[in-house]
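Bear in mind that the values in this text are calculations on the coordinates, not laboratory data. All of these numbers come straight from a predicted model, not from anything done at the bench. Note: ideal-geometry Cβ built from the backbone for every residue, glycine included; neighbour counts use all protein chains shown.
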Amino acid sequence: MADIQQKISEDMNAIVEEWLESGYLNEDGVFVIGCSTSEMAGEKIGTSGSEEIAETVYSQLERLRDKAGIHLAFQCCEHLNRSLVVERKTMKQFQLTEVSAVPVPEAGGSMASYAFKSMQEPVLAEHIQADAGIDIGETMIGMHLKHVAVPVRLKKNWIGNARLTAARTRPKLIGGQRARYKETIANNSCK
């Protein structure tokens, strides 16, 4: 287990650095995390969650939060309808709907359970419209991203034994042929 913990720590460190260097994270934006600690350990999703692995991931994401000035939202598993663990101040700022449950490894998942225990004033929110995020182990975070989601191709696309998918969002390009767009939005829409 020590070897996989070290690999996950190194992988997460590299991913956080890529996000910080990307320029895609805006201060006060929301970053959603879907995470299967089972998949990172090389097991089938939902079969062998690990709060030790969750702790490793969480500590790196705290660093991302602190350096980028973002809000973190940890997606629960389907047993809690993919609700999200957020700080109460995040819930209030974004006018999210609070739901009643406390995630545990068996219902919510190890990552959400660890985040709930580690945050200052955690709550569960029903939905969120995040600006960017990562999906570790194919946990399906798409429902929590704003329209329009754009893939972010990170150099590192595995964390431990789990596939990593990353995305950011951009404003919709609307208006048809006569419309004009800011140069940065139009040029970065499919990168």
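The table below lists the values:
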| quantity | calculated |
| --- | --- |
| Residue in segment 73-83 that is over 15 Å from ILE15 (Cβ atoms), of a type in the set (A, V, I, L, M, F, W, C) and part of a loop (DSSP other than H, G, I, E, B) present | yes |
| The listed residue being part of a loop (DSSP other than H, G, I, E, B) and out of contact with any Lys or Arg (no Cβ under 7 Å at 6 or more places or on another chain), out of VAL102, VAL57, VAL86 | VAL102 |
| In segment 49-60, residue surrounded by the fewest Cβ atoms within 10 Å (Cβ to Cβ) [restricted to those that are more than 18 Å from GLY108 (Cβ to Cβ) and touching a helix residue (DSSP H, G or I) at 6+ places or on another chain (Cβ under 6 Å)] | GLN60 |
| Filter result (buried (at least 24 other Cβ atoms within 10 Å of the Cβ) and free of Cβ contacts under 8 Å to residues at least 40 places away in the same chain) within segment 86-106 | PRO103 |
| Residues that are in contact with a helix residue (DSSP H, G or I) (Cβ under 7 Å, 6 or more places away or on another chain), aliphatic (A, V, I, L, M) and either surrounded by 22 or more Cβ atoms within 10 Å (Cβ to Cβ) or outside any helix (DSSP H, G or I) (or both), drawn from segment 2-48 | ILE8, MET12, LEU25, VAL32, ILE33, MET40, ALA41, ILE45 |
